[in-house]
Amino acid sequence: TSHTWFWSLIQNDFKTGNIDLEGCMRLLEKMQISFDEEHVKHIFKKTIDKQSGQIISMDDFRAIYRALVHRPEFEELFKAYSTDGIILPDGQLLKFLVKEQFQTEANETTALEIIMKYEPIDEVRKKRQMSFEGFIRYMNSDECSIFKSQHRTIYQDMNQPLCDYFISSSHNTYLIADQLMGPSHLWGYTSALLKGCRCLEIDCWDGTNNEPIVYHGHTLTSKIPFRSVIHVIDKYAFMSSAYPVVLSLENHCSPKQQEVMADCLKTILGDKLLSSPIGGEVDMTQLPSPEALKFKVLVKNKKAGTLEESMLRMEDEYRGETEDISDSELQSEDEDTDDTLPLQRSRSTSKRKGDHRYTPPPQKKTKVKKGKIAIALSDLVVYTKSQKFVSFQHSLEHQACYENNSIGETQARKLARHSAKEFISHTTRFITRIYPKGTRMSSSNYNPQEFWNVGCQMVALNFQTPGTQMELQDGKFLDNGGCGYVLKPEFLRDRNTTFTPQNVGGYSKPMSLSIRV
């Protein structure tokens, strides 16, 4: 039966003779077989006959199909439950579901539903049986994924304060390669947003013709207009998630160009831009929830004065007005340490004439002068005011709930190791963003887990760099429907928690996994 089904399915495609690689892939798609292109190319190359060139016959296609689809571990399982090695009756499928898949609630109806859904051969399906073809399709389906299907949708409580969630966050979002010479590209923003990222970084510098630009300052990375970045964010912000997007501005612009930035944000984002507290409430004791901020874009930047002062100014036109920001506030964003060390042209010690190469200068602490911030931009900061981190005690005494800190990975790692209890207490109250150290020239990433373990909400990674760290990030944020917000466990939200990663105590529910690959 299976042979007849297979030939009848493919013969039309071979009517005009043999098929090439393109035709082979089209046929696999028609048969609803998911495949990896490189893998198919590899098998195709091994199958083609030297004489026939780049085409295959029906028999060749069958060999390719079997190599891709008929995996030996599936055959082994199928034969263990099939009475004749060819067919799996509904009763035997039920045994398989209970014993192998641990579906203890499964019954005859469950087995029948699976047969109806996955069995491709009509006459087998009508007899309430399953062929090996149907079994393969079931085993490769989402139903057999190790990922909990109910976690593919938003199932967590989204009405808790923003600081109670892990938030998918990107560092140097505009880069698609390394930090020194790599291109800046709008695709960095598009791809991060489509992946569900909810906190984007924008490095802003003065550009020509009074148009701010985005690039990695003091390096050879290419430049893109700030205006274009905001257009892309406007288009893609809520395609993969309805929950708020935070724009973390690393702002190096003059007050004049900061006004252009404010104007861009207002005109391009329109109603999406959150520019005043929800319900006009300025005297808040906790942050609003992701649910309350759905479809809103929040600006994370330095801010002059209080929310109340911003609200009073809203009626008036404040174009051209600036306000001084003191030393302590000025260093609040990442500009002192987040930048990759600037490039300097230095004469190499080599004797060869004209051998110039770029070397990072020695880091030295420079006194930060007073900076100016345009009131127009300052007033767009509502729930995400950047505040320099001094100490946990200082934050506890002086920091408002809408003020948040950015801490470099090196300092954060020391704090996590030596003051974990205080760090966790801090992250139950305030949003904390961690960013990679400036010496990661190749845009490498740190392990985000150690900072999630102390409750840090925005653990920013270089999304353009694949590896274990981004796999941890992708895995974590597949949860809760991939919306970019994952509710922290209770012990990382409770202000009186005694949990630390070093002292797990009663919070631990150890699990032992046995995995057969």
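Below is a table of values for the structure above.
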read-out: Residue match in region 92-113 (condition: farther than 26 Å from residue 479 by Cα and in contact (Cβ under 8 Å) with a residue 60 or more places away in the chain); value: no
read-out: Whichever residue in region 491-517 is in a loop (DSSP other than H, G, I, E, B), surrounded by 12 or more Cβ atoms within 10 Å (Cβ to Cβ) and of a type outside the set (Phe, Trp, Tyr) and, among such residues, is farthest from the chain's Cα centre (by Cα); value: 498
read-out: Filter result for residue 443 (open to solvent by 10 Å² or more (accessible area, probe 1.4 Å) and either over 23 Å from the mean Cα position of the chain (by Cα) or in the same structural domain as residue 469 (by the TED database) (or both)); value: no
read-out: Failed condition for residue 173, given (1) part of a loop (DSSP other than H, G, I, E, B); (2) outside the structural domain of residue 460 (by the TED database); value: (2)
read-out: Residue within region 39-53 that is open to solvent by less than 60 Å² (accessible area, probe 1.4 Å), in a helix (DSSP H, G or I) and under 27 Å from residue 125 (Cβ atoms) present; value: no
read-out: Of all residues in region 305-325 being open to solvent by less than 60 Å² (accessible area, probe 1.4 Å) and hydrophobic (A, V, I, L, M, F, W, C), the one that is modelled with the lowest pLDDT; value: 325
read-out: Selection within region 1-10 - open to solvent by 80 Å² or more (accessible area, probe 1.4 Å) and either modelled with pLDDT under 85 or aliphatic (A, V, I, L, M) (or both); value: 1, 3
read-out: Elements of type helices (runs of 4 or more DSSP H) in region 74-170, at least 3 residues being in contact with an Asp or Glu (Cβ under 9 Å, 6 or more places away or on another chain) and aromatic (Phe, Trp, Tyr); value: 132-139
read-out: Unique match (being of a type in the set (Phe, Trp, Tyr) and modelled with pLDDT under 90) among 147, 166, 135, 96; value: 147
read-out: Members of region 60-111 that are of a type in the set (Phe, Trp, Tyr), farther than 30 Å from residue 21 by Cβ and either in contact with a helix residue (DSSP H, G or I) (Cβ under 9 Å, 6 or more places away or on another chain) or crowded, with 16+ Cβ neighbours inside 10 Å (or both); value: 81, 96
read-out: Test: residue in region 285-304 that is closer than 22 Å to residue 176 by Cβ, at pLDDT below 95 and either in contact with a Gly (Cβ under 6 Å, 6 or more places away or on another chain) or open to solvent by less than 70 Å² (accessible area, probe 1.4 Å) (or both); value: no
read-out: Criterion: basic (Lys, Arg) and within 20 Å of the chain's Cα centre (by Cα) - qualifying residue of 272, 235, 266, 223; value: 235
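Quick grid of which residues meet (1) out of contact with any Pro (no Cβ under 8 Å at 6 or more places or on another chain); (2) closer than 17 Å to residue 186 by Cβ; (3) without any contact (Cβ under 8 Å) to a residue 12 or more places away in the chain:
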{"residue": "225", "(1), (2), (3)": "no, yes, no"}
{"residue": "230", "(1), (2), (3)": "yes, yes, no"}
{"residue": "237", "(1), (2), (3)": "yes, yes, no"}
{"residue": "282", "(1), (2), (3)": "yes, no, no"}
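The values are calculated or read from the model by the stated rules, or taken from the named source; none is laboratory data. No experiment lies behind these values; they were computed from the predicted model shown. For neighbour counting, all protein chains shown are included, and Cβ atoms are generated from backbone atoms with ideal geometry for every residue, glycine included. With ligands, DNA and RNA removed, areas are computed over all heavy atoms of the protein, side chains included. Shrake-Rupley method; radii C 1.70, N 1.55, O 1.52, S 1.80 Å.
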